[in-house]
Structures are given as structure tokens and as C-alpha cells.
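Below you'll find the structure, written out as C-alpha cells, and then a few comments.
The values are calculated or read from the model by the stated rules, or taken from the named source; none is laboratory data. Just so you know, these numbers come straight off a predicted model, no measurement behind them. Cβ sites come from the backbone with ideal geometry, for glycine too, and all protein chains shown count toward neighbours.
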Amino acid sequence: MDLPIKEDIWHRIMKSDKLKSGKKKMKTIGLRSIMVLRDNEGLRATDALCRHMAWPLAYGGKVEDGCITCPLHKTKYDLENGQVKEWSPFPLFPLYGKIVGKMRKQSPLGIHKVRELDGWIEVLLND
């Protein structure tokens, strides 16, 4: 018996012209929160919540040098592959940052495929 082939499902999340260069938006696909952003590299899509303390990265997250930094405890992720660059350094109080950093295990940020098609931004969720 042949197993059915899983088809890629692209989710239409917003009109392309609603996301200007240098901006981020948080959207929901089913129960999953997604952040889409447009920068010099083009469109990107990631999980919307910081893996450390679940802060929405679209609200105050700083994009610089191909990374996004959470505004809450300064956890930094690579936007290309989701890998953790810094885990909760919280530079104002280094000891506090180390303690808070141990509250959750380090884990990468989910990265999703994104495209523009017929004036829409579409996201293909990773598993």
C-alpha cells in the first residue's frame, strides 16, 4: 500500500504591500504565531515568540547583522537558520541574566519558508 505524499501547504497571511521594508508583523496560522519581516535580505518568516520567555519578537525585537534580538532579555537568534547566538545575556544585570537564562533550555527559533505570490505574502510552516 502506497502512503499518501504530503503536499506543501502555503498559507496566505497578508497583502505584500502591507509590509514595508524594515518592518515586522505578527500573524497567526492556526494555533501558531508567526513573525514576518522585510529587510535588505528580502522577506523572512520565523516563529513569533522568543524561545526563552515567549515574548513577541515583532514588538521591539531589533534586527541587525542577520539576527533578531528579543527586547526582553536580549536573547539573539540568527534569522537564516534560527540558531541561538546569545541566550539571555540581559546586560544590565549579568548575574540576573544567567539565572533567568537557566529558566528554560536553549532552543533555536523556528524558521519558515516565505514567498510573495500574486500580491500576497505566503508562509510554508516547518514541522
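Here is how the numbers come out for the structure above:
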{"quantity": "Elements of type strands (runs of 3 or more DSSP E) in the stretch 16-127, at least 2 residues being surrounded by 14 or more Cβ atoms within 10 Å (Cβ to Cβ)", "calculated": "24-29, 32-39, 42-47, 67-69, 76-78, 84-86, 111-117, 120-124"}
{"quantity": "Pairs where the first residue, in the stretch 102-127, is more than 15 Å from M26 (Cα to Cα) and free of Cβ contacts under 8 Å to residues at least 24 places away in the same chain and the second is surrounded by 13 or more Cβ atoms within 10 Å (Cβ to Cβ) and among the aliphatic types (A, V, I, L, M), C-beta under 9 Å, 6+ apart", "calculated": "N126/I111"}
{"quantity": "Exclusive hit being farther than 16 Å from I111 by Cβ, at pLDDT 95 or above, acidic (D, E) and in contact with a Gly (Cβ under 8 Å, 6 or more places away or on another chain), set D47, D17", "calculated": "D17"}
{"quantity": "Residue under evaluation I29, criteria (1) among the β-branched types (V, I, T); (2) at pLDDT below 85; (3) closer than 26 Å to D127 by Cβ, criterion not met", "calculated": "(2)"}
